[in-house]
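Structure record follows, encoded as structure tokens.
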Amino acid sequence: MTGTGPAPRRARRRGGPVPRRLGTVGRQAGGPTATDRCRRSGPPSGPDPISMEQENTVTQTPATVEAVRSSKELRRVFSAFPTGVTAVAALVDGRPVGLAANSFTSVSLSPVLVSVCADLKSATWPLLRGSARLGISILAAHQEQVCRQLSSKSADRFAAVDFRATADGAVFVEGASAWLDCSIQDVFPAGDHDIIVFRVHDLDDDPAVAPLVFHSSGFRSLEG
């Protein structure tokens with residue numbers, strides 16, 4: 001190859017489809033798509049870290065002010081750690097139900113385990129807890145509005161969100177960076193949250209799709 005200039009940068013994709021083996025396409029009716037609304041939205045700060053459902057803000061009085069100070073300060077300090085954002089979802093009575101969580105982490109390679117934390121005050125987590133299979137979608141950089149929608153108090157959080165559902169009831173968000181088909185293996189109470197350990201049965205990703213990043217109570221994207 002001749003020439004001294006830098007190689008052209010590869011165009012960043014907006015998000016590929018969920019692999020077909022991970023379910024059939026679905027979409028809830030209603031208005032403009034979540035991605036369309038994301039493009040029109042400004043840069044307001046995102047939901048609180050750990051459990052991202054806005055209905056589930058931590059209100060418990062700390063054991064000692066000296067030890068943990070205020071909930072506002074806790075959120076500020078915790079949000080200094082950048083994370084990805086996931087959608088945890090399943091079909092419940094034939095309809096997609098889900099929540100957003102940035103507490104996702106890998107746990108084990110053998111067996112393949114991951115975990116997410118859910119607020120004990122969540123109205124959504126009890127609905128998902130009885131599901132045989134759940135989908136975890138690692139949201140893409142262009143899916144900020146999807147995260148906001150799944151963190152809201154809306155009765156239909158999947159309105160205008162493209163998704164795919166498996167025969168076992170796992171729900172995946174189309175256009176995400178990665179998808180994991182899971183079942184609940186263990187649930188451990190931890191303070192005002194449950195730590196949910198999932199066994200992964202299948203998974204896939206699209207390396208060309210950049211993930212959504214949550215940092216300092218706001219959404220970010222990877223550069224370079």
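For (1) crowded, with 16+ Cβ neighbours inside 10 Å; (2) within 15 Å of residue 87 (Cα to Cα), each residue gets a yes or a no:
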| residue | (1), (2) |
| --- | --- |
| 132 | no, no |
| 149 | yes, yes |
| 165 | yes, yes |
| 193 | yes, no |
| 205 | no, yes |
> Just wondering, is there one or more residues in the stretch 111-122 that are assigned to a loop (DSSP other than H, G, I, E, B), closer than 20 Å to residue 219 by Cα and either of a type outside the set (S, T, N, Q) or touching a Ser or Thr at 6+ places or on another chain (Cβ under 7 Å) (or both)?
Replying inline: no
> Is there a residue being closer than 25 Å to residue 76 by Cβ and among the acidic types (Asp, Glu) anywhere in the stretch 173-193?
Replying inline: yes
>> Let me confirm something: among 181, 186, which residue is under 18 Å from residue 202 (Cβ atoms), over 13 Å from the mean Cα position of the chain (by Cα) and modelled with pLDDT of 95 or more?
In response: 181
> Would it be correct to say that residue 148 is outside any loop (DSSP other than H, G, I, E, B) and modelled with pLDDT under 95?
Replying inline: yes
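Quick grid of which residues meet (1) touching a strand residue (DSSP E or B) at 6+ places or on another chain (Cβ under 6 Å); (2) under 13 Å from residue 88 (Cα atoms):
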position	(1), (2)
133	yes, yes
137	yes, yes
148	no, no
152	no, no
161	no, no
172	yes, yes
183	yes, yes
187	yes, no
>> Looking at 123, 176, 155, can you tell me which residue is at pLDDT 95 or above and either within 15 Å of residue 18 (Cβ to Cβ) or not charged (D, E, K, R) (or both)?
In response: 176
> So how many residues does the stretch 160-188 have that are in a strand (DSSP E or B) and in contact (Cβ under 8 Å) with a residue 12 or more places away in the chain?
Replying inline: 17
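The values are calculated or read from the model by the stated rules, or taken from the named source; none is laboratory data. From a predicted model like this one, the values you see are computed outputs, not experimental measurements. Here the Cβ is made from the backbone with ideal geometry for all residues, glycine too, and neighbour counts use every protein chain on show.
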